[in-house]
Amino acid sequence: MSVIRPAEPRDRTAIVEILHHGWHDGHAHLAPPEVLTLRTLECIDAIYGVSDDTFYVAEEAGRILGFVAINGDELTKLFIAGDARGSGIAETLMAFGEARIAQNGFTVARLLCQVGNVPAEKFYARTGWVEDHRAQYALWMPEGATGHFTAETMCMHKRVGAGR
């Protein structure tokens, strides 16, 4: 049985590897070549390093199966290790993240999903998230990178906590 707990410094390598593989699985086919070449393990580590999100990991038998990250009313990241996909851990982490957002006093949670990431789009719809609108959002670029890139993004919401 897995346990969800706050991420600790010792989890960084596992989180970065899951995020790296998950980003490439879900987003690489949508990214311009200039962005794709910058999404190295080191770049993903830099993204993690500057994040002010709160991360929670799902751990089982000493192994990180996935993680969820929140920031205020936003569920910012939900990534699952490749061999743990389909195990139900995504639903567990999603429910945990939603509950944490509600515990922080919010009644509506938000998330962003890049248009074209079909598995994520379907997962979010299946778990009760509703598209609010679409917009172009800037893609994070590492320090020293040139160019400005955006992605069409679905802005989604879901009622959480009291008054569901």
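The values are calculated or read from the model by the stated rules, or taken from the named source; none is laboratory data. In this text, all values refer to a predicted model and were calculated from it rather than measured experimentally. Positions of Cβ are generated from backbone atoms using ideal geometry, with glycine treated the same way; all protein chains shown enter the neighbour counts. To get the accessible areas, we keep the full protein, side chains included, count just its heavy atoms, and leave off ligands, DNA and RNA. Shrake-Rupley method; radii C 1.70, N 1.55, O 1.52, S 1.80 Å.
Can residue 17 be described as open to solvent by 70 Å² or more (accessible area, probe 1.4 Å) and under 19 Å from residue 141 (Cβ atoms)? So residue 17 does not fit the description; no. State whether one or more residues within segment 129-139 are in a helix (DSSP H, G or I) and either buried (at least 16 other Cβ atoms within 10 Å of the Cβ) or out of contact with any Ser or Thr (no Cβ under 8 Å at 6 or more places or on another chain) (or both). Within segment 129-139 (the criterion being in a helix (DSSP H, G or I) and either buried (at least 16 other Cβ atoms within 10 Å of the Cβ) or out of contact with any Ser or Thr (no Cβ under 8 Å at 6 or more places or on another chain) (or both)), the answer is no, since none of the residues qualifies.
Figure legend. Inter-residue proximity from segment 17-42: first residues assigned to a loop (DSSP other than H, G, I, E, B), second residues modelled with pLDDT of 85 or more and open to solvent by 50 Å² or more (accessible area, probe 1.4 Å), beta-carbon distance below 7 Å, spacing 6+ or different chains. Indicated pairs: 39/24. For segment 144-162, filtered to residues that are closer than 18 Å to residue 73 by Cα and assigned to a strand (DSSP E or B), the residue that is most open to solvent (accessible area, probe 1.4 Å) is 159. Listed conditions (1) open to solvent by 40 Å² or more (accessible area, probe 1.4 Å); (2) touching a Leu at 6+ places or on another chain (Cβ under 9 Å); (3) not aromatic (Phe, Trp, Tyr) are all met by residue 125, apart from (2). Meeting the requirement of 2 or more residues that are open to solvent by less than 50 Å² (accessible area, probe 1.4 Å) and within 16 Å of residue 7 (Cα to Cα), the strands (runs of 3 or more DSSP E) wholly within segment 62-119 are 63-71, 74-80.
Every condition in (1) among the small types (Gly, Ala, Ser); (2) touching a Ser or Thr at 6+ places or on another chain (Cβ under 6 Å); (3) in a helix (DSSP H, G or I) holds for residue 49 except the one numbered (2).
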